[in-house]
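Beneath this line is the structure, given in structure tokens, with notes to follow.
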Amino acid sequence: MTSGERGLTGRVAVVTGAARGIGLAIARRLVADGARVAVADIDSATAGEAAATLGEAAFALTLDVTSEEQWAAALGNVSERWGRIDILVNNAGVAGRSAPCWELDAAEWRQVLDIDLTGVFLGCRAALPAMIAAGYGRIVNIASIAGKEGNPNAVPYSAAKAGVIGLTKAVAKEVATKGVLVNAVTPAVIETEILAQVSAEHIAYMTSRIPMGRTGKPEEVAALVSFLCSDELTFSTGAVFDLSGGRATY
Ligand SMILES: NC(=O)c1ccc[n+]([C@@H]2O[C@H](COP(=O)([O-])OP(=O)(O)OC[C@H]3O[C@@H](n4cnc5c(N)ncnc54)[C@H](O)[C@@H]3O)[C@@H](O)[C@H]2O)c1
């Protein structure tokens with residue numbers, strides 16, 4: 001596919017957690033499809049290196065998705081530089097420690113919920129006024145199969161990702177007539193550094209549940225997300241798109 005065929009030419013995107021992994025693959029794909037992309041991450045140094053690999057259509061943005069102030073500053077920066085925000089991909093996330101819920105303390109629960117769920121709320125809240133005013137927007141929230149099925153030893157993560165699915169459906173209805181389409185994707189295990197946060201047993205459990213018998217690649221997520229960010233997407237909002245090698249049957 002050549003640049004722009006997907007209708008991303010001239011579009012401006014913010015991708016959170018884009019310093020590495022799925023977020024970086026999404027940023028790379030959006031640039032290849034013609035968009036300009038702010039590579040937003042709490043890890044500024046790695047975001048800078050990642051943005052440099054994407055050329056002039058990308059720049060790095062320091063953003064902790066749990067901070068309202070940083071969201072305002074980050075989106076202000078993008079508007080100043082490129083004059084618009086068409087696309088937001090809420091991708092930043094953490095897995096949390098693998099353990100049964102009675103062995104987790106409340107601080108661990110709160111941290112995962114704060115980054116994985118409240119971060120998505122703050123991003124939508126920060127970006128929507130400009131999208132509504134422009135009469136155009138595409139938001140993609142990266143949830144997880146864990147939010148549909150519930151993974152044992154990942155209670156905060158599963159709850160946060162289920163929350164992202166509910167948030168996506170509700171926000172989508174609020175803006176359904178305003179040109180702003182809001183969707184979620186639910187990947188199963190994808191090969192990234194996030195897997196270093198969880199136990200080998202947990203990874204084996206998750207992979208064993210995938211009918212295709214393999215893990216996914218960040219580029220496979222990016223291909224679907226690019227479509228959901230594009231002008232080609234016109235009649236889907238509040239939808240949850242599966243990326244699980246057949247694990248999800250709904
Ligand atoms: N890898 C998988 O198996 C998998 C499966 C389903 C869903 N997901 C989801 O995909 C998303 C990306 O995961 P990944 O596998 O690429 O992980 P990753 O660990 O490779 O990358 C996550 C990125 O998010 C950034 N980040 C963490 N906290 C942040 C914060 N508070 N503010 C801004 N940035 C922050 C990190 O610095 C990192 O660059 C996450 O939401 C994750 O839950 C991943």
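Considering only 111, 197, 70, the Gaussian network model of the chain with Cα springs below 10 Å gives its largest mean-square fluctuation to 197.
Spread over its residues, the convex hull of the C-alpha atoms of the chain is 116 Å³ per residue.
Applying a DSSP loop filter and a limit of 12 other Cβ atoms within 10 Å to the GluC sites (Glu not before Pro) in the range 174-232 leaves 232. The helix-based estimate of mean residue ellipticity at 222 nm for the chain, built from -39,500 (n - 2.57) per DSSP H run of four or more residues and divided by its residue count, is -13000 deg cm²/dmol to the nearest 500.
Computed over protein heavy atoms with a 1.4 Å probe, the carbon and sulfur contribution to the accessible area of the range 12-242 reaches 56%. The local environment of residue 238, defined by Cβ-Cβ distances under 14 Å, has a net charge of +3 under the rule Lys, Arg +1 and Asp, Glu -1. A dipole drawn for the range 12-242 from +1 and -1 charges on Cβ atoms has a positive end, and of 216, 104, 128 the residue lying farthest that way is 128. The residues packed around residue 149, meaning those with a beta-carbon under 12 Å from its beta-carbon, carry a net charge of +3 if Lys and Arg are +1 and Asp and Glu are -1. When its C-alpha radius of gyration is set against 2.2 N^0.38 Å (N residues), the range 38-127 gives a value of 1.23.
For the range 174-228, the convex hull drawn through the C-alpha positions has a volume of 122 cubic angstrom per residue.
Bridgeable aspartates and glutamates around residue 217 (alpha carbons under 15 Å apart, same-chain partners fewer than 8 residues away excluded): 191, 193, 242. Here the Karplus relation 6.51 cos²θ - 1.76 cosθ + 1.60, evaluated at θ = phi - 60°, turns the backbone of the range 209-219 into coupling constants of 8, 8, x, 5, x, 8, 7, x, 10, x, 5 Hz, with x for every Gly and Pro. Simple point charges give the picture: +1 on the Cβ of Lys and Arg, -1 on the Cβ of Asp and Glu, and for the range 12-242 a dipole about the Cα centre of about 560 debye. For a straight C-alpha distance cut-off of 18 angstrom, the lysines reachable from residue 148 (same-chain residues fewer than eight places away being disregarded) are 161, 169. The residues of the chain have, on average, 43 Å² of accessible surface per residue, using a 1.4 Å probe with all protein chains present.
The values are calculated or read from the model by the stated rules, or taken from the named source; none is laboratory data. From a predicted model like this one, the values you see are computed outputs, not experimental measurements. Here the Cβ is made from the backbone with ideal geometry for all residues, glycine too, and neighbour counts use every protein chain on show. Heavy atoms of the whole protein, side chains included, go into the accessibility calculation; ligands, DNA and RNA do not. Shrake-Rupley method; radii C 1.70, N 1.55, O 1.52, S 1.80 Å.
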